[in-house]
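This report concerns only the one structure given below.
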Amino acid sequence: MTNRRGRPIVDLVAGTRPNLVKLAALHPHLSRCHGLHLRLVHTGQHTDPHLSSHFASEMGLPSPDVQMLVDSRDRWERAAGIMDRYAALIEHRRPDVTVVVGDVDSTAACALCAHQHDIPVVHVEAGLRSFDTSMPEEQNRILTDAVSRLLLASEPSGVQNLHREGIPAGRIQLVGNVMIDTLSRHLPAARRIRTFERHGLRERGYAYATLHRPENVDDAHVLEGLLACLEDVSSRMPVIFPVHPRTARSVGWTRMEQRLQRSRGLVAIPPQPYVENLSLLMHARVALTDSGGIQDETSVLGVPCITMRDTTERPITVQMGTNVVAGSDRARISRAFEEATSGGCRPRTRIPGWDGEAAVRASSHILALVTG
């Protein structure tokens, strides 16, 4: 497959902070393929500088070649805007392949748009399933996989799910977890800076917490319950809580400050740069989260993880990692916390393909598609 105008164009699509973490692993390897022209496309799904522009620079990524700046809190308006602008980009200068990562709205919107223009789509992190189709991310995963030409899975369950859904085996490759490549590269710096000391915390003497999933933070009743869980934990050990912009909008900083006055051990901070955040996570005693990426990272770091959701699309983190799915029930989360901090957490084992070389394998398959 070659582009009539010269070097084949490969679009790398990002919309959110986790997308940038994954592309930071892929970009260096693909950029060494001198026959390719890489075009970094940022949809603007995350507009906060801590989650987008500043973060991309920290990851070592170049400035986006295309910055769409589609800013809408309505999911469907945002997806429609992304598709319109990506279609215009395709008409202006057509890519030979579109690479999308993860499961956010930007992923599905650009994958569908490329497919409609008969452009091969590569999905990195394909096949993950929570089997909860009410989740926007699950809808995005299913749609993206259905229109992708090459599906690069991060764990065996992804391959099994794709086979079950009728995807031809020749389109599926198990390459491992590219997010762990980025983690491995930044681990020495994260270990060195010891960010927890800036907040007056002791190594392994605090919990790390995040919340951002719509089903957890958009429902006031659910969010109040989960914040109460964090307050319970903070009565036993300090909790460092980087507050996602979506969560901040839901809670409101006035109410958050009121909670902080009542719960001295709950330390709310803005979203952190990648290395600082990794440092906080790797030195924590336990993590409480609804993030898929943190389930992955803690399973490699050996930090007990309590997932505050009823499902996970990453079953290998439960089978071979340190992850426990506890839902949003206060009693279940409390029991999981007691087990994790009393030594009851299962020790991690090395997860195949999560070895810091997944991007090398993924890039070779992408190159084969482009040139083949």
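The values are calculated or read from the model by the stated rules, or taken from the named source; none is laboratory data. Owing to the predicted nature of the structure, the values given are computational and were not obtained by experimental measurement. All Cβ positions, even for glycine, are placed from backbone atoms using ideal geometry, and neighbour counts span all protein chains on display. Note: areas computed on protein heavy atoms with side chains; ligands, DNA, RNA excluded. Shrake-Rupley method; radii C 1.70, N 1.55, O 1.52, S 1.80 Å.
Computed quantities for the displayed model
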item	result
Unmet requirement for residue 189, which otherwise passes all of (1) crowded, with 17+ Cβ neighbours inside 10 Å; (2) at pLDDT 95 or above	(1)
Looking only at the range 192-212, and only at residues there that are among the basic types (Lys, Arg) and surrounded by 12 or more Cβ atoms within 10 Å (Cβ to Cβ), the one that is farthest from residue 298 (Cα to Cα)	198
Residues of the range 104-124 satisfying the condition of being within 15 Å of residue 18 (Cα to Cα) and in contact (Cβ under 8 Å) with a residue 60 or more places away in the chain	104, 105, 106, 107, 124
Qualifying positions in the range 125-160 - free of Cβ contacts under 8 Å to residues at least 24 places away in the same chain and crowded, with 23+ Cβ neighbours inside 10 Å	145
Selection status of residue 231, charged (D, E, K, R), touching a strand residue (DSSP E or B) at 6+ places or on another chain (Cβ under 9 Å), in a helix (DSSP H, G or I) and surrounded by fewer than 17 Cβ atoms within 10 Å (Cβ to Cβ)	yes
Set 285, 202: member being within 16 Å of residue 336 (Cβ to Cβ) and either charged (D, E, K, R) or touching a strand residue (DSSP E or B) at 6+ places or on another chain (Cβ under 9 Å) (or both)	285
Long-range neighbours under 6 Å by Cβ, at least six apart or interchain, first residue under 25 Å from residue 222 (Cα atoms) and charged (D, E, K, R) within the range 299-312, second assigned to a loop (DSSP other than H, G, I, E, B) and open to solvent by less than 10 Å² (accessible area, probe 1.4 Å)	309/290; 310/327
Every residue from the range 8-40 that is within 12 Å of residue 56 (Cβ to Cβ) and aliphatic (A, V, I, L, M)	12, 14, 20, 21, 23, 24, 40
Given (1) assigned to a helix (DSSP H, G or I); (2) surrounded by 15 or more Cβ atoms within 10 Å (Cβ to Cβ); (3) without any contact (Cβ under 8 Å) to a residue 40 or more places away in the chain, index of the condition residue 241 fails	(1)
Positions within the range 315-342 being under 16 Å from residue 295 (Cα atoms) and either aromatic (Phe, Trp, Tyr) or in a helix (DSSP H, G or I) (or both), in sequence order	316, 317, 318, 319, 333, 336, 337, 340
Every residue from the range 90-126 that is among the aliphatic types (A, V, I, L, M) and touching a Cys at 6+ places or on another chain (Cβ under 9 Å)	90, 100, 119, 121
Hits in the range 353-367 (condition: open to solvent by less than 60 Å² (accessible area, probe 1.4 Å) and either within 11 Å of residue 124 (Cα to Cα) or assigned to a helix (DSSP H, G or I) (or both))	358, 359, 362, 363, 365, 366, 367
Unique match (being crowded, with 23+ Cβ neighbours inside 10 Å, over 21 Å from residue 125 (Cα atoms) and either of a type in the set (A, V, I, L, M) or in contact with a Lys or Arg (Cβ under 8 Å, 6 or more places away or on another chain) (or both)) among 333, 269, 294	333
